[in-house]
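**Student:** There's a structure below that I have some questions on.
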Amino acid sequence: MSYDAIVFDLDGVLLTGYHTAPAVYREAARETLADFDVTVEAVPENLINPDDTGEVRQFCDQHGLPPEAFWGYREHASTVLENERITAGEREPFEDVEVLARLAESATLGIVSNNRHGTVRFVREHFDWGEAFGAVRGRTPTLAGYDRMKPDPHYLESTLDKLGVEPAETLFVGDRLSDVETADRCGADSALLVRDGDRPAGEGDPTHVVESLRDLQALASGGA
């Protein structure tokens, strides 16, 4: 089938790098702790890449900190640091993103990422992708926003609403099995991007498996 919309994950799909480096989050957490006058021997791991927001709330309770304000500051600092890395050329688009302009001729394009929304918007403008994508969505800088990351379909569903397309008419492209699960929970088809032939281990049944973004041209036009 052909698709009215193709929505992409960002990290590892359009932009090099599997995700924001832990060093960015560590420095952002260090800046946040300093600005909230909290002294620790080392930045706690639960402020760098927490499994859930309960870890953040527990840390804030222990130190008498307002959880939402503290987390929002940490997310903002992370975005500033990551955007500086991108500006410096430490992360760049994959070569096959050149196909986006052609895909946009026959389908509405979007981005849905677990990365912070400020970085997703920055990437769109920094690389002049504004005309290609009808909507982009990253996580909001709140504790609730962190809890809604993929495979929760919240951000994908809200993006499709903004684009005015139905899940059944959408292809979601990602490089992780959590992206496949997100598409399944939303009711969309999925394309698992496996650039180096190293398919991620685990359960998941993507609608399509592709080795390059260029392979999406056939799918967009109703090919196999």
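The values are calculated or read from the model by the stated rules, or taken from the named source; none is laboratory data. Computed from a prediction, not measured in an experiment: that's the story for all the values here. Glycine gets a Cβ as well: all are built from the backbone with ideal geometry, and neighbour counts include every protein chain shown.
**Student:** Scanning the range 5-18 for residues that are of a type outside the set (S, T, N, Q) and surrounded by fewer than 17 Cβ atoms within 10 Å (Cβ to Cβ), which turns out modelled with the highest pLDDT? Step through it out loud before you land on a result.
**Tutor:** From the range 5-18, those of a type outside the set (S, T, N, Q) are 5-15, 17-18; that's our starting set.
Remaining after also requiring surrounded by fewer than 17 Cβ atoms within 10 Å (Cβ to Cβ): 17-18.
Values: Gly17: 90, Tyr18: 83.
It comes out as Gly17.
**Student:** Could you say which residue among Gly54, Gly64 is of a type outside the set (A, V, I, L, M), closer than 14 Å to Tyr146 by Cβ and either touching a strand residue (DSSP E or B) at 6+ places or on another chain (Cβ under 6 Å) or not assigned by TED's automatic domain parsing to the domain that holds Thr119 (or both)? Let's see the steps before the verdict.
**Tutor:** Numbers: Gly64 fails: closer than 14 Å to Tyr146 by Cβ.
From the options Gly54, Gly64, the qualifying one is Gly54.
**Student:** Can you find a residue in the range 142-158 that is of a type in the set (Val, Ile, Thr) and closer than 20 Å to Leu15 by Cβ?
**Tutor:** Scanning the range 142-158, I find no residue that is of a type in the set (Val, Ile, Thr) and closer than 20 Å to Leu15 by Cβ, so the answer is no.
Yes/no matrix, rows are residues, columns are (1) among the aliphatic types (A, V, I, L, M); (2) out of contact with any Pro (no Cβ under 7 Å at 6 or more places or on another chain); (3) in a helix (DSSP H, G or I); (4) surrounded by fewer than 17 Cβ atoms within 10 Å (Cβ to Cβ):
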{"position": "Ala42", "(1), (2), (3), (4)": "yes, yes, no, yes"}
{"position": "Pro50", "(1), (2), (3), (4)": "no, yes, no, no"}
{"position": "Gln62", "(1), (2), (3), (4)": "no, yes, yes, yes"}
{"position": "His76", "(1), (2), (3), (4)": "no, no, yes, yes"}
{"position": "Asn83", "(1), (2), (3), (4)": "no, yes, yes, no"}
{"position": "Glu98", "(1), (2), (3), (4)": "no, yes, yes, yes"}
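**Student:** Next up: Between a residue in the range 13-31 that is more than 21 Å from Leu177 (Cα to Cα) and any residue that is among the hydroxyl-bearing types (Ser, Thr, Tyr) and surrounded by 15 or more Cβ atoms within 10 Å (Cβ to Cβ), which pairs come within a Cβ distance under 9 Å, given they are 6 or more apart or on different chains?
**Tutor:** Between residues of the range 13-31 that are more than 21 Å from Leu177 (Cα to Cα) and residues that are among the hydroxyl-bearing types (Ser, Thr, Tyr) and surrounded by 15 or more Cβ atoms within 10 Å (Cβ to Cβ), the close pairs are Val24/Ser78; Tyr25/Ser78; Glu27/Ser78; Ala28/Tyr73; Ala28/Ser78; Ala28/Thr79; Ala29/Ser78; Glu31/Tyr73.
**Student:** Report, ordered by the first and then the second residue, all pairs with beta carbons closer than 7 Å, sequence separation of six or more or different chains, a first member in the range 118-137 that is touching a residue at least 24 places away in the same chain (Cβ under 8 Å), and a second member that is surrounded by fewer than 19 Cβ atoms within 10 Å (Cβ to Cβ) and assigned to a loop (DSSP other than H, G, I, E, B).
**Tutor:** Correct list of pairs: Ala132/Ala104.
**Student:** Does at least one position in the range 45-65 carry a residue that is of a type in the set (Ser, Thr, Tyr) and closer than 30 Å to Ala191 by Cα? Give the steps one after another, and end with the answer.
**Tutor:** Step one: of the range 45-65, the residues of a type in the set (Ser, Thr, Tyr) are 53.
After this cut, where a residue has to be closer than 30 Å to Ala191 by Cα as well, the list is 53.
Scanning the range 45-65 turns up at least one residue that is of a type in the set (Ser, Thr, Tyr) and closer than 30 Å to Ala191 by Cα.
**Student:** Counting just the residues of the range 100-110 that are buried (at least 17 other Cβ atoms within 10 Å of the Cβ) and not small (Gly, Ala, Ser), which one comes out farthest from Ala29 (Cα to Cα)? Outline the logic, then answer.
**Tutor:** Going residue by residue through the range 100-110, those that are buried (at least 17 other Cβ atoms within 10 Å of the Cβ) are 100, 103-104, 107-110.
Applying the additional criterion that residues be not small (Gly, Ala, Ser) yields 100, 103, 108-109.
On the way: Leu100: 35, Leu103: 39, Thr108: 37, Leu109: 34 Å.
The selected residue is Leu103.
**Student:** Return yes when Glu105 is of a type in the set (Asp, Glu), modelled with pLDDT under 95, assigned by TED's automatic domain parsing to the domain that holds Ala144 and out of contact with any Phe, Trp or Tyr (no Cβ under 7 Å at 6 or more places or on another chain) and no when it is not.
**Tutor:** Working: of a type in the set (Asp, Glu): yes; modelled with pLDDT under 95: yes; assigned by TED's automatic domain parsing to the domain that holds Ala144: yes; out of contact with any Phe, Trp or Tyr (no Cβ under 7 Å at 6 or more places or on another chain): yes.
It is true that Glu105 is of a type in the set (Asp, Glu), modelled with pLDDT under 95, assigned by TED's automatic domain parsing to the domain that holds Ala144 and out of contact with any Phe, Trp or Tyr (no Cβ under 7 Å at 6 or more places or on another chain).
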